1. Hey, if you drop one equal point scatterer on each alpha-carbon of the stretch 19-65 and run the Debye formula without solvent, what base-10 log of I(q)/I(0) do you get at q = 0.13, 0.16, 0.20, 0.32 Å⁻¹?
2. Mean projection of the alpha-carbon convex hull of the stretch 9-96 over all orientations, in nm²?
3. If we sort 43-55, 65-77 on the protection proxy, mean other Cβ atoms within 10 Å, highest first, what's the order?
4. With point charges of +1 on the Cβ of Lys and Arg and -1 on the Cβ of Asp and Glu, referenced to the Cα centre of the stretch 32-86, which listed residue (MET33, VAL46, ILE64) lies farthest in the positive direction of the dipole?
5. Based on Cβ point charges of +1 for Lys and Arg and -1 for Asp and Glu, what charge dipole magnitude is obtained for the stretch 9-96 about its Cα centre, in debye rounded to the nearest 20?
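Taken together, the values in this text are just the output of simple stated rules run on the coordinates, not laboratory data. Everything quoted here is computed from the prediction, not taken from an experiment. Positions of Cβ are backbone-derived with ideal geometry, glycine not excepted, and every protein chain shown enters the neighbour counts.
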Amino acid sequence: MSTSMSASAQAALRQSLPVSCFSVVASAEPDVMPRVLEVFAKRGLVPSQWYSSVSGPRGRDLHIDVQIGDLDVPSRERIANSLRQIVYVELVLTSEKRLSQSA
């Protein structure tokens with residue numbers, strides 16, 4: 001007897017869990033992205049989405065948006081505080097989103 005969930009049950013569970021969103025603004029320096037990713041990797045987390053872009057005057061700003069499923073609020077805040085300690089990071093914002101149960 002298998003105790004694993006079916007693929008459809010796993011997909012339904014993922015849709016009901018909150019998604020933590022991190023928005024990071026930093027100077028566009030080559031070592032910022034790997035340092036941001038390391039904060040998640042050392043906790044065994046793989047982002048479900050990662051989007052980054054360079055913008056601002058003369059391309060000096062790096063914007064990184066990361067989404068991770070199923071984090072509690074204390075974990076999200078610890079991760080945000082770790083991100084804020086990275087050299088060149090200027091701002092870290094967090095939010096949470098949930099998919100509609102009727103969707």
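1. The computed values of log10 I(q)/I(0) come out as -0.30, -0.44, -0.66, -1.27.
2. Averaging across all directions leaves 5.7 nm² for the Cα convex hull.
3. On the way: 43-55: 12.7, 65-77: 15.2.
Answer by packing, highest mean first, reads 65-77, 43-55.
4. Result: MET33.
5. 100
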